[in-house]
Every structure is written in C-alpha cells, then in structure tokens.
Amino acid sequence: MKTPVPTKKIRATARKTPEPATAAREPQQARSIQTKKAICEATEREIERTGLDKLTTKRIAQAAGVSVGGLYEHFPNKEAIVAEITIRWLNQNREMIDSLSPVLTGCGDLMRYIENLNSAVLKIYMDQPGIGALIRALQSMPSLQPILAEHDAHVTKTIAKAICSLLPNVDRKKAGIAAKTILIISHELLCEIVLRDRANAKLFQHQLRILQHALTTQLILENG
C-alpha cells in the first residue's frame with residue numbers, strides 16, 4: 001500500500017492593485033505649479049531689482065531656488081517667463097474690470113463706475129513688480145500682440161456694455177468709441193504715473209478725472 005504523498009498547500013499571493021496614474025501625477029502637478037509660480041515671482045523680483053536687460057536664466061534660477069536645468073523643464077528661455085508673467089498680469093486686469101460691472105456691483109452712476117475703474121486699475125499697475133518691463137514686453141514681443149489685442153477688445157466691450165446699461169439711450173457705436181477712449185487715455189496716463197513721474201501721480205489722476213468727466217458728461221447729456 002502506497003503512502004499518500006502530502007499535498008503542498010499553495011498560498012495565493014494577493015496582487016496589489018496598482019494605484020491610479022493620477023495619484024502619482026497629482027503631487028507632481030502640484031509641485032510643477034508651485035515651481036512655475038516660484039520662477040515667475042523670482043523673475044518679477046529680478047526685473048524690479050536689475051531691470052529686463054540684465055535678466056538671465058541663471059539669476060532667475062538662483063532667486064527661485066531651482067537649478068537652471070529645472071527652470072528649463074518649465075520654460076524654454078527667459079522671454080517665455082516674461083510672457084507668462086505679462087499674460088497673468090493682463091488676466092488680472094481683465095478679471096478686475098469684469099468684476100466691476102454695474103450688473104454685478106449695482107452701481108447706478110456712470111461717473112462713479114469710471115472712478116471705481118480708475119482706482120482699481122491704478123492699484124494693479126502700482127502693485128506689479130517690474131511693470132515697466134512688462135509694458136515694454138507687450139509693445140515689443142510679437143507673440144504677445146494677439147493676446148494684447150484680444151485683451152483690449154474684451155475690456156473695451158466690457159466698458160461699452162457698462163455704459164449702455166447705465167445710459168440705455170446712448171448710441172451703441174458712440175458707447176464703444178467712448179469705452180475705447182477711456183481705455184487708451186487711462187493706460188497712457190497710468191504708464192506716465194507708474195513708469196516716469198510717480199511724484200506727480202495725484203496731479204495726473206486729477207487730469208485723468210477731468211478728461212473722463214468731460215467724456216461721461218457728454219454721454220449723459222445725449223442719453224437725455
């Protein structure tokens with residue numbers, strides 16, 4: 001009689017369920033966003049400190065606390081970083097102007113609406129480090145021209161809509177021209193204040209109010 005051979009118990013090894021790919025990506029994406037932010041903020045500080053002409057990727061990397069190679073993982077060159085900062089600044093302007101719409105704020109007076117715009121936009125210009133370099137970039141970098149054109153068109157349309165909502169009898173074409181005029185004179189005088197003559201900021205602001213007051217008064221009279 002044969003002795004039965006003991007059977008080997010085979011232990012089933014449970015396979016670990018692989019974590020979703022997104023679980024690994026999420027921290028990487030968060031780190032990437034933080035690194036890009038650090039690079040942009042360091043670039044702003046360097047522009048403010050030494051100007052755009054002396055800006056180098058090496059200086060930016062040192063200020064941001066990353067390696068030059070790490071910087072190049074996010075941006076191909078310093079121009080791309082300046083473009084990123086400039087676009088963010090334009091978006092900040094745009095969001096602020098959108099938020100001041102009379103439909104959202106309940107403002108019922110055109111002059112007060114324009115005054116609110118002036119105060120908010122001036123703060124954004126004054127608070128932005130290296131604002132002069134960003135404005136020069138907007139004027140000189142071909143890649144930014146379509147973005148600037150779209151931004152200006154949106155802002156003009158937003159201000160024109162505000163004028164029409166507050167003065168419903170005003171001709172829409174005139175409202176659009178008035179909005180564009182407000183955008184142009186505001187930008188030019190704000191550049192004068194921020195870039196060249198901060199000492200006379202209050203005087204320029206006063207002159208800007210006079211110009212805008214004359215413009216809005218004409219629109220109010222036409223509205224009837």
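Every read-out reported here was derived from the displayed coordinates using simple, explicitly stated rules and does not represent laboratory data. All values reported here derive from a predicted model rather than from experimental measurement. As a convention, Cβ positions derive from the backbone with ideal geometry for all residues, glycine included, and neighbour counts pool all protein chains shown.
The table below lists the values:
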{"item": "Per-residue ³J(HN,Hα) for the range 124-140, Karplus 6.51 cos²θ - 1.76 cosθ + 1.60, θ = phi - 60°, Hz, x for Gly and Pro", "result": "5, 5, 5, 7, 7, x, x, 4, x, 5, 5, 5, 5, 5, 4, 7, 10"}
{"item": "Nearest-ten-degree value, helix 21-50 long axis tilted from longest Cα axis of the chain", "result": "40"}
{"item": "Where trypsin sites (Lys or Arg not before Pro) fall in DSSP loop in the range 42-97, at most 15 other Cβ within 10 Å", "result": "K54"}
{"item": "Residues whose placed amide H lies under 5 Å from that of S101, excluding near-sequence neighbours", "result": "none"}
{"item": "Semi-axis lengths, Å, the chain, gyration tensor of Cα atoms, sqrt of 5 times eigenvalues", "result": "54, 27, 13"}
{"item": "For the range 24-76, the spread of Cα positions along each principal axis, largest first, Å", "result": "39, 17, 16"}
{"item": "For the range 96-113, 3J(HN,Hα) per residue [Karplus equation, 6.51 cos²θ - 1.76 cosθ + 1.60, θ = phi - 60°, Hz, x = Gly/Pro]", "result": "5, 5, 4, 5, 8, 4, x, 4, 8, 8, x, 5, x, 10, 5, 5, 5, 4"}
{"item": "Phi-based couplings in Hz for the range 141-155 (Karplus 6.51, -1.76, 1.60; Gly and Pro marked x)", "result": "8, x, 5, 8, 4, x, 5, 5, 4, 5, 4, 5, 5, 5, 5"}
{"item": "Per-residue [θ]222 nm for the chain (sum of -39500 (n - 2.57) over DSSP H runs n ≥ 4, rounded to 500)", "result": "-24000 deg cm²/dmol"}
{"item": "Kirkwood hydrodynamic radius of the range 100-163, from inverse mean 1/r over distinct Cα pairs, in Å", "result": "13.5"}
{"item": "Options L203, S143, G224, ranked by Cα towards positive dipole end of the chain, top entry (Cβ charges)", "result": "S143"}
{"item": "Once the Cα gyration tensor of the range 60-152 is diagonalised, semi-axes √(5λ) in Å", "result": "33, 14, 12"}
